[in-house]
Amino acid sequence: MTVSVLLLCGWVCLAFVMAAIPSNDNHWRRAYVLMVLGVPLLIFLVWENGPLMGLIGLAIGCSVFRWPVLYLWQWVRKKLKREP
């Protein structure tokens, strides 16, 4: 396995550990930390392994960030519906 794949596995483990710890703000601060760490990791993954592995890494990230992705999708749909 390459270094970027191992780092992605570590990122996923970190996300699960952070989700298991109780939070007062519904884990949003931790989600921001994971986003800041995940974007450069995804770029490194694409650079080292190619775009197919990058898409797999993006799918993994979207599965970790279910609610932020859903809120983003709803926001985009609302913005697109306003402009006829």
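The values are calculated or read from the model by the stated rules, or taken from the named source; none is laboratory data. Every value quoted in this text rests on a predicted model; they were computed, and no experiment measured them. Positions of Cβ are backbone-derived with ideal geometry, glycine not excepted, and every protein chain shown enters the neighbour counts.
Couple of notes before you dig in:
- Matching residues, the range 52-67, being more than 9 Å from the chain's Cα centre (by Cα), surrounded by 12 or more Cβ atoms within 10 Å (Cβ to Cβ) and not aliphatic (A, V, I, L, M): Gly54
- Of all the listed residues (Val17, Val36, Val5), the sole one being in contact with a helix residue (DSSP H, G or I) (Cβ under 8 Å, 6 or more places away or on another chain) and among the β-branched types (Val, Ile, Thr) is Val5.
- Within the range 1-49, if we keep just the residues that are of a type in the set (S, T, N, Q) and at pLDDT 90 or above, the residue that is surrounded by the fewest Cβ atoms within 10 Å (Cβ to Cβ) turns out to be Thr2.
- When Leu41, Leu7, Leu45, Leu80 are checked against the criterion of being over 9 Å from the mean Cα position of the chain (by Cα), without any contact (Cβ under 8 Å) to a residue 12 or more places away in the chain and assigned to a helix (DSSP H, G or I), a single residue qualifies: Leu80.
- Residues located in the range 10-26, provided they are among the small types (Gly, Ala, Ser) and in contact (Cβ under 8 Å) with a residue 40 or more places away in the chain: Ala15
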